[in-house]
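A.B. asks: Here it is: the structure, laid out below.
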Amino acid sequence: MSFEIVHSVGCALYLVFFVLMLFARKVPRTNPGCGWWALAILAACCARLFNVGLFPIDAQLAKLAYSLLSLSEKLLLLLGATAFFGAVVQRAAYIGLAAACALCLVAAQLLHWSVWVPNLALGLVNCLLLLALAYTVLKGESAVPALIRRSIALFACLRAVHWFMLEPVSLVLFDGWRTQAFWLGTVLVVGLYLSLISAVFALFQQRLMASETRALEMAYKDPLTGLNNKRYVDALFEQVLLLANRPHQLLAVFYIDLDNFKPINDQAGHKAGDAVLKEVARRLRQYMRSTDVCARVGGDEFLVIATQLEHPHGVSLVAEKLSELLELPVQIDGQSYSLGASIGISIYPQHGRQIAELIEKADEAMYRVKRSGRHGFTLYAMKAEQVSNQLEPAADD
């Protein structure tokens, strides 16, 4: 393959990578490292064009332009890595090193120094910049998978060896190897750029998954209390049933309506009311187990699904504890508020096999508690006089 064909293929590939990186840079909230890498790829493409003699200028000037653009590519790659993976190198030091190398290249051209001087200076500095790139990728802070990080570092190190051992030396001592050297360089650069693009799209994938997770949380979470909502209960009840219950165990649904909440909301304001609801949610989360489900289904209405209950007496124990928790005064901004709760209970599978049916029957039992004076709990289908844990009647909400 001829020298010109190698550069033509390289330029075409670089343009493809440039477009991909530029497209990635235009995506909102994309890491700024993509912009630096797009500029680096553009500099590499222009360097190839100068080296192939596309521009009608003196050969020595074209070689100088190639060297400066190649140096710029390595520096821009490093700057992009510090932004993308976290700055773990002294950027100013490497910018100064690249600037010193550029001055050396220009001086060598103007003063007609030996070709050894600019070639070795360029090879050494490019080597250091590529090794710094590898170090930054491996040590920086980023969520990019380790395999992609190692791939970037590997190609950067191989490219560093190629620059110092092949290009500067072969161009001076073994001019017949120029085509092979540039062909190998093209392969290594393509591998490096592919790895960088893989890192960008890996972060895109993580962002997409994180956005999906947040969307699901918003769909299934109550924004005020952080508890699950009724949509979660409706959608995932079957999974809860399969994962949380074993054969011969009970599952109980507790429909909780707070007593004395409306006066607090009306007299102390919605801010105090919201704080009370958050405290109720905190108590429910603190008491219930990880296999249980706590949800807010209305303004001051909550739902608890208790799983893995060994016997019916366990249902009463849970209800008694919930009543005790909700009867404790709530302290908000130096004020103490008394609540209490009316709790209706239904049991799976005695009272239904679908969550909507269980909630409906627990809700019906809760209203029986309300009608019987509030502050207590009862099981669905029990008679009103059997309401247990009944406290003294209080004023209506």
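The values are calculated or read from the model by the stated rules, or taken from the named source; none is laboratory data. Just so it is clear, the structure is predicted and the values come from calculations on it, not from any experiment. For neighbour counting, all protein chains shown are included, and Cβ atoms are generated from backbone atoms with ideal geometry for every residue, glycine included. Only protein heavy atoms, including side chains, enter the accessible area calculation; ligands, DNA and RNA are left aside. Shrake-Rupley method; radii C 1.70, N 1.55, O 1.52, S 1.80 Å.
A.B. asks: Yes or no: the range 250-260 includes at least one residue that is open to solvent by 80 Å² or more (accessible area, probe 1.4 Å) and within 25 Å of Gln331 (Cβ to Cβ).
C.D. replies: no
A.B. asks: Moving on. Can you go through Leu111, Leu105, Leu133 and tell me which one is over 40 Å from the mean Cα position of the chain (by Cα), of a type outside the set (Phe, Trp, Tyr) and open to solvent by less than 10 Å² (accessible area, probe 1.4 Å)? Spell out how you get there, then give the answer.
C.D. replies: Working: Leu111 fails: open to solvent by less than 10 Å² (accessible area, probe 1.4 Å); Leu133 fails: over 40 Å from the mean Cα position of the chain (by Cα).
Answer to the selection: Leu105.
A.B. asks: Here's a follow-up. Go through the range 250-286 and give me each residue that's under 22 Å from Ala365 (Cα atoms) and among the polar types (S, T, N, Q).
C.D. replies: Result: Asn260, single match.
A.B. asks: While we're here: So how many residues does the range 120-144 have that are small (Gly, Ala, Ser) and not in a loop (DSSP other than H, G, I, E, B)?
C.D. replies: Residues in the range 120-144 being small (Gly, Ala, Ser) and not in a loop (DSSP other than H, G, I, E, B): 4 in total.
A.B. asks: What tally of residues in the range 366-397 results from selecting those that are modelled with pLDDT of 80 or more, among the small types (Gly, Ala, Ser) and under 49 Å from the mean Cα position of the chain (by Cα)?
C.D. replies: Count: 1.
A.B. asks: Related question: Being closer than 30 Å to Cys45 by Cα and open to solvent by 80 Å² or more (accessible area, probe 1.4 Å) is the filter; apply it to the range 183-221 and report the residue that is modelled with the highest pLDDT.
C.D. replies: Leu194
A.B. asks: Within the range 68-120, can you find the residues that are among the charged types (D, E, K, R) and over 20 Å from Phe50 (Cβ atoms)?
C.D. replies: Across the range 68-120, the qualifying residue is only Arg91.
A.B. asks: Which ones in the range 326-375 are at positive phi and part of a strand (DSSP E or B)?
C.D. replies: none
A.B. asks: Just give me the residues in the range 63-78 being aliphatic (A, V, I, L, M) and either within 17 Å of Leu124 (Cα to Cα) or open to solvent by less than 10 Å² (accessible area, probe 1.4 Å) (or both), in sequence order.
C.D. replies: Within the range 63-78, Leu64, Leu68, Leu69, Leu71, Leu75, Leu76, Leu77, Leu78 meet the criteria.
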